[in-house]
Amino acid sequence: MQDYLARQFGLANKVALVTGASRGLGQAMAFALGRAGAQVIAVGSSIQSVENTVSQMNAEGLSALGMGCDQSKPQEIVALFDRLRKEIGRLDILVNNAGTIRRAPAAEFSDEDWQAVMETNINGVFRMCRAAGQMMLTQGQGKIINIASLLSFSGGITVPAYAASKGAVAQLTKALANEWAHNNLQVNAIAPGYFATDNTENLRKDPERNASISARIPAGRWGEPEDLAGAAVFLASRASDYMNGHIMLVDGGWMAR
């Protein structure tokens, strides 16, 4: 049984790059992939932002290296993958987790906020996928896991750019899956529900919004970052080799209600 589980879900000898790995969902997924045996490249907007993640992983005996990349800046993505090719030489798993959110009523939403969200959440995600795809196509295998959202399916409130960008992430995932499946690249996405992270702090502090959201979650609680660990390992592993273009909900049952 242990051998079977290791073959299906183990990530030994795999290199995994996780963006937005400084805290929250990205940090939890970096730990999960490392515990499954992968060598993890923890990426943050700066190298300093992921030092804590890397030091904690190394202290646990996990293989982790930190790199900085602001994915809203195309030249930094180019530099990241140049370094990856030179220092590591391969990439087996990409987790596209980095993202940002701006909140304002749609009638008051500024062009600056719209552009900032789109540049990180979809333009940056595409550029990361493109760069990873180039490496993985040459290798003849790879796993790309994009982080979508409940708002890939619904519109949300006062987050028009975020909702639009996450809808685009879901469609990008399907488009890349269509192109790359026959090359043995699996491109899928995880759509988290309401999780207790920095992005949702203001929602959780608003008694009315917190109560209305909590009441709709069949699981009866907000997600914790560790709740994404299993989904990330599954989509990164051999066990998901016949999955492509799937948007996996991890939402406590929200969308089933």
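The values are calculated or read from the model by the stated rules, or taken from the named source; none is laboratory data. All values reported here derive from a predicted model rather than from experimental measurement. When we count neighbours, we look across all protein chains shown, and the Cβ atoms used for this are built from the backbone with ideal geometry, even at glycine. Calculation scope for accessible area: heavy atoms of the full protein, side chains included, ligands and nucleic acids excluded. Shrake-Rupley method; radii C 1.70, N 1.55, O 1.52, S 1.80 Å.
Points to keep in mind about this one:
- By the Cα gyration tensor, the chain has an equivalent ellipsoid whose semi-axes, rounded to whole angstrom, run 28, 21, 18 from largest to smallest.
- Pairs of Lys residues in the chain, spaced 8 or more positions apart or belonging to different chains, with C-alpha separations under 26 angstrom: 12 in total.
- Normalised contact order of region 103-257, rounded percent, pairs of Cα under 8 Å and 6 or more residues apart: 26
- GluC sites (Glu not before Pro) restricted to region 1-101 and DSSP loop, no more than 16 other C-beta within 10 Å: Glu60
- Heavy-atom accessible surface of region 1-117: percent carbon and sulfur, 1.4 Å: 48
- Heavy-atom surface of the chain, accessible at 1.4 Å and reported per residue (Å²): 46
- Most to least accessible of Val250, Val15 (protein chains only, probe 1.4 Å): Val250, Val15
- Total formal charge among the other residues, if their Cβ is under 12 angstrom from that of Pro218, Lys/Arg +1 and Asp/Glu -1: +2
- In order along region 39-44, phi translates into HN-Hα couplings of 7, 9, 9, 8, 10, x Hz, rounded to whole numbers, per the Karplus curve 6.51 cos²θ - 1.76 cosθ + 1.60 with θ = phi - 60° and x for Gly and Pro.
- Portion, in percent, of the accessible area of region 135-186 that falls on carbon or sulfur, probe 1.4 Å: 54
- Here is how the number arises for the chain: DSSP H runs of 4 or more residues each give -39500 (n - 2.57), the sum is divided by the residue count, and the result at 222 nm is -13000 deg cm²/dmol.
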